[in-house]
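All remarks here apply to the structure that follows.
The values are calculated or read from the model by the stated rules, or taken from the named source; none is laboratory data. Remember, predicted model here, so these are calculated numbers, not experimental data. With ideal geometry, Cβ positions are generated from the backbone for all residues, glycine too; neighbour counts draw on all protein chains shown.
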Amino acid sequence: MKILVVGGAGYVGGGIVDKLVPNHEVTVYDSLVYETTYRKDVDFIYGDIRDHKKLNTILNNYDSVIWLAALVGDGACSINPSLTQEINAESVKNLTKNYSGRIVFLSTCSVYGAQEGVLSEDSSTNPLSEYASSKLIAEKYLEDSNVIIFRLGTLFGISDQYSRIRLDLVVNILVTKALMENKMSVFGGDQWRPLLHVNDVANAIDVTIETQVKGIFNLHYQNFKIIEIAEEIEKKITTAEIIKTPLEFQDARNYQVTSEKLHRETGFKAEVDLKVGIDEIYELISKNRIKDISDPRYSNQNFLNLYGVK
C-alpha cells in the first residue's frame, strides 16, 4: 500500500513511519515546523498543508493518507485562533474535497472537556479550548469520507530516535521535574486523564490501515488521576517529592474514556504501560541526552510563542 503521512516528521509521526515502512511504501509530507532536517531513509516531500495547489496534485497518488499535521495542545492553539482553525480544520476540508482514498485522522479526547463518568464515542462533546474545537470541526468535515478517526488520549513516552521529544505532556514533564528538581508540583491532582503511549498510536494505525472500519474511535491505554501518575513516577524516582496544592490549574479538562468500541470492532487494544514511558523519559533525562531541557523546541506552546508558524 502506498501511504502519505502528512505531518509525519513530528513526535507522533516518527513512530508511525517506523511501524509502517517494513510493509508499505511510505512518503512523508511535512513543513518541519519544529525540525531543521528530516534524516530518515524515507521518501520525503517538503510542503505546507496550506499550500493546497502543491498538496492536491499528489494526494491521489496514494492509497491512504494519514493526517497528523496540526497545531497541537491548548496553549499552542490559543496563541493564534484563526491560524489554528486554518491549519487544524480548513486544511482538512480541502483534503475531503480533493482526495477519494482511505483517510486516517487523529483527533483528541479533549473534545469531551470536563464531564463525569466514563465517556464513549456517543457521549456529548464539551470542547474547552481552541484546539478541541478545531478538531471537532475537522471531524465534521470528514463525516462523509472513507475515514477512521482516532480520538487520542494524553500521550506520553518516546516515539522514535529521530523526532523531537515533547516535554510539555503531563507524564514526560513530571518525570523531568522529578529528576531535575526532585519535586513534582501537582495542582489538585484528582483530574482524570486517559493516557496513551505515543507508539500505541502507531500500533492502532498499523492494525486498521488496511481494514474497512470507519468512524470515530477513542484510543487510550488507561485512565489515571494526575496524582496517580505522580505516585507512579515517585516509585521510580524515590528522591522526588510530590507537592500537592489546592490551587486551581488553568487546564480544566477532567474526563475518563472507554476504548471498548475500537477493541470490539478491530481487536486492537492499547497495551504499552505507563511504566514503559516513565522508564523511557528517565533514561533520556538521567543520561543527559538532552543538552538543554528548557529549549523551547520541546514545548509546542513555548516554541510557537517565540517563532510562530511561517
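Quick rundown of the values:
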| read-out | value |
| --- | --- |
| Residue ID - surrounded by the most Cβ atoms within 10 Å (Cβ to Cβ), chosen from residues in the stretch 262-298 that are assigned to a loop (DSSP other than H, G, I, E, B) and out of contact with any helix residue (DSSP H, G or I) (no Cβ under 8 Å at 6 or more places or on another chain) | 273 |
| Residue match in the stretch 145-163 (condition: over 16 Å from the mean Cα position of the chain (by Cα) and within 23 Å of residue 84 (Cα to Cα)) | yes |
| Residues that are among the hydrophobic types (A, V, I, L, M, F, W, C) and in contact with a strand residue (DSSP E or B) (Cβ under 6 Å, 6 or more places away or on another chain), drawn from the stretch 241-269 | 242, 243, 247, 249, 252, 257, 262 |
| Residue in the stretch 146-180 that is surrounded by the most Cβ atoms within 10 Å (Cβ to Cβ), counting only those that are polar (S, T, N, Q) and either within 19 Å of residue 109 (Cβ to Cβ) or at pLDDT below 95 (or both) | 159 |
| Failed criterion for residue 51 (all others in (1) in contact with a Gly (Cβ under 6 Å, 6 or more places away or on another chain); (2) over 30 Å from residue 211 (Cβ atoms) hold) | (1) |
| Listing of strands (runs of 3 or more DSSP E) fully contained in the stretch 1-91 that carry 2 or more residues being surrounded by fewer than 21 Cβ atoms within 10 Å (Cβ to Cβ) and not hydroxyl-bearing (Ser, Thr, Tyr) | 43-46 |
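Every residue, every condition in (1) surrounded by fewer than 21 Cβ atoms within 10 Å (Cβ to Cβ); (2) in contact with a strand residue (DSSP E or B) (Cβ under 6 Å, 6 or more places away or on another chain); (3) under 21 Å from residue 14 (Cα atoms), yes or no:
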residue	(1), (2), (3)
208	no, yes, yes
216	yes, yes, no
220	no, yes, yes
230	no, yes, no
